[in-house]
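No value in this document is a laboratory result; all are computed from the given coordinates. This one's a predicted model, so the numbers in the text were calculated from it and none came from an experiment. Here the Cβ is made from the backbone with ideal geometry for all residues, glycine too, and neighbour counts use every protein chain on show.
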Amino acid sequence: MPFNLNAIPDEQNVREAIQLGEGPQIELREKISSALDLGKLVSGFANATGGWIIIGVREPNTIVGTETARLGQFFDRVNDRIQPAQNLMMYPVTLDGRPVRVVVVKPSQVLVVTDAGAFIRDGEHTRAMSADEIRARAVAAVPPAEDAAAGIARLTGTIVALMEKFDASQTWRAQWRNLLVGTVGSTLSTIIVALVIFFVGVAVTLLFKH
């Protein structure tokens, strides 16, 4: 049974999606830890073929429910952590008496970046985009984009590594993870958008010259 991104996330359709398991368009999460955590998943699906983020499910198919108030706060702030902002929808579903939420992400025609860099859905996982993938999505026809794309990819990898290192820490420093990554990542996303605008301008100029 193929997954239908455009289906309404009601009880039946969500159960069917859970049975399908994680894949290119389905992410199962027991919980979301932050707006940035959600933003990375949104970026990954938006830069691929779209998908559902089903929250309140422990793999493979155990319904555990989610903290709806906390998740609602993260959802309200997720567009502050990605550029450009996406038209996201979050649907409430009750499964086995427990609250589950489904965030629906549509595919984007332009590169979607987060405070932690650019991500893409790859099979069952969301990973940092490579320089080639960033260049292809942002300004594929402009040669100067190569250095910018490579730089963005390196910065993305650095920030991901920082997040993983802080996540592994059991000391008070782990509490500063989001502050550190958010500060560095905000600068990164601003740079990315500025570079994209610049290179698109170059492309338009070249087209008019020819």
If S33 meets every condition in (1) closer than 19 Å to D115 by Cβ; (2) touching a residue at least 40 places away in the same chain (Cβ under 8 Å); (3) out of contact with any strand residue (DSSP E or B) (no Cβ under 6 Å at 6 or more places or on another chain) apart from one, which number is that one? (2)
Hey, I55 of a type in the set (A, V, I, L, M, F, W, C) and surrounded by fewer than 24 Cβ atoms within 10 Å (Cβ to Cβ) or not: no
Can you pull out the residues in the stretch 19-52 that are buried (at least 16 other Cβ atoms within 10 Å of the Cβ), among the polar types (S, T, N, Q) and out of contact with any helix residue (DSSP H, G or I) (no Cβ under 8 Å at 6 or more places or on another chain)? S43
S34: passes all of (1) polar (S, T, N, Q); (2) over 14 Å from the mean Cα position of the chain (by Cα); (3) under 28 Å from E133 (Cα atoms) but (2)
